[in-house]
Amino acid sequence: MRTVHVALGNRSYEIEIGQGLLPHVGAKIHALLPRAATVAVVTDSHVGPLYADTLCRGLEAAGVRAPLLTFAAGEESKNLTTLGRLYEGLAAAGVTRSDAVVALGGGVTGDMAGLAAATFLRGIDFVQVPTSLLAAVDSSVGGKVAVDLPCGKNLVGAFLQPKAVYMDTDLLRTLPARFLHDGMAEVIKYGCIFDADLFADLGRLSSDGELLAAAEDIIERCCAHKARVVEEDERETGRRMLLNFGHTLGHAVEKAFHYETYSHGEAVGIGMVLLTRRTEALGLTEPGTADRIAALLHQYSLPTEVRLAQDDFLRTIALDKKKRGDALTLVVLRAIGDSFLHRVAFRELPAYLPEEERHDPV
Ligand code: GLY
């Protein structure tokens, strides 16, 4: 069992990472939040049938009511309609201000349950139980919660730090390979921006079996990086933006393909490689870096190229919520493990995008 502390004054919390944790999470939540007589478990239609029973039984054994609220799995559920149904479910279950919500699932579940917790009755306590690698290393830590609007992802949200994060690494064993690898793109991102040793260690794993065996260590290292960044810049006014490496181009890829062709991690991987090829050409990044990132992504069956015109990138990036005025901040690598924020005027952006001959209508 590993523990990472997130130091945020009276909003500090622990991330517990270990095998076989889920049956004990109910008792841990009760010990942490003894006033909560009801803890509503929010999950989706994929994860619920696998794990909700274990979590709810653990809560009930600790004397806590555990109503279960399940929504249809998928990013398309992460909207105001589903959020409204969650509010109705929390009200129908008699959840009060001293109670809590626990998110059991991946990033969509954590984001949506977290926003429900941040706003229901003007805010109640919230616990994250991530079930995907991506949620374990990224979305369950740091307090960003949100739903999508038809015009863009995560446009309605809040910052609500969880009271605790419990990651049972056994749950990763039921993840389809594509989703395990999806999370690896975010793991590789930590190596790229902060940690050349992690990047090298990931290159030495030769199978998914070895990856799963190393999961506790990998998740702890990623969460420790995320914790330090969030402690320094909780509201993302500076250093936390480094976590967005690959995301500006990646979001454009996801959106251009209507969120159907590429998962989030796959699109971020493509974004990291495409941007780094350009920043190498611009002399900002050590030569060979993009090839090293691409080779590591390939090792985890992740794509590294896309056929998309510059105009498609530019149209989507123009709507990016990270854009401020007529410029945006890109995350650029000097080398593997060494990143910086780079402000780019919108008119200069084409220099940072894949070259035009890739055009192919989508
Ligand atoms: N997913 C990036 C962040 O939490 O800031």
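The values are calculated or read from the model by the stated rules, or taken from the named source; none is laboratory data. These numbers come from a predicted model, not from an experiment. Positions of Cβ are backbone-derived with ideal geometry, glycine not excepted, and every protein chain shown enters the neighbour counts.
A few points about this structure:
- The single condition among (1) closer than 24 Å to Thr174 by Cβ; (2) at pLDDT below 95; (3) among the hydrophobic types (A, V, I, L, M, F, W, C) that Ala267 does not meet is (2).
- Of everything in the stretch 128-144 that is touching a strand residue (DSSP E or B) at 6+ places or on another chain (Cβ under 6 Å) and more than 10 Å from the ligand (Cβ to nearest atom), the residue that is nearest to Ala177 (Cα to Cα) is Thr131.
- Residues of the stretch 228-259 satisfying the condition of being assigned to a helix (DSSP H, G or I), more than 11 Å from the ligand (Cβ to nearest atom), touching a residue at least 24 places away in the same chain (Cβ under 8 Å) and surrounded by fewer than 22 Cβ atoms within 10 Å (Cβ to Cβ): Glu231, Lys255, Ala256
- Test: residue in the stretch 155-166 that is of a type in the set (Ser, Thr, Tyr), part of a strand (DSSP E or B), modelled with pLDDT of 95 or more and more than 12 Å from the chain's Cα centre (by Cα): yes
Conditions tested, residue by residue: (1) touching a residue at least 60 places away in the same chain (Cβ under 8 Å); (2) surrounded by 14 or more Cβ atoms within 10 Å (Cβ to Cβ); (3) not β-branched (Val, Ile, Thr).
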position: Arg277; (1), (2), (3): yes, yes, yes
position: Leu284; (1), (2), (3): no, yes, yes
position: His298; (1), (2), (3): no, no, yes
position: Thr316; (1), (2), (3): yes, yes, no
position: Val331; (1), (2), (3): yes, yes, no
position: Ala335; (1), (2), (3): yes, yes, yes
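- Residue in the stretch 47-54 that is among the hydroxyl-bearing types (Ser, Thr, Tyr) and exposed (fewer than 13 other Cβ atoms within 10 Å of the Cβ) present: no
- Test: residue in the stretch 286-303 that is at pLDDT 95 or above and either touching a Phe, Trp or Tyr at 6+ places or on another chain (Cβ under 6 Å) or β-branched (Val, Ile, Thr) (or both): yes
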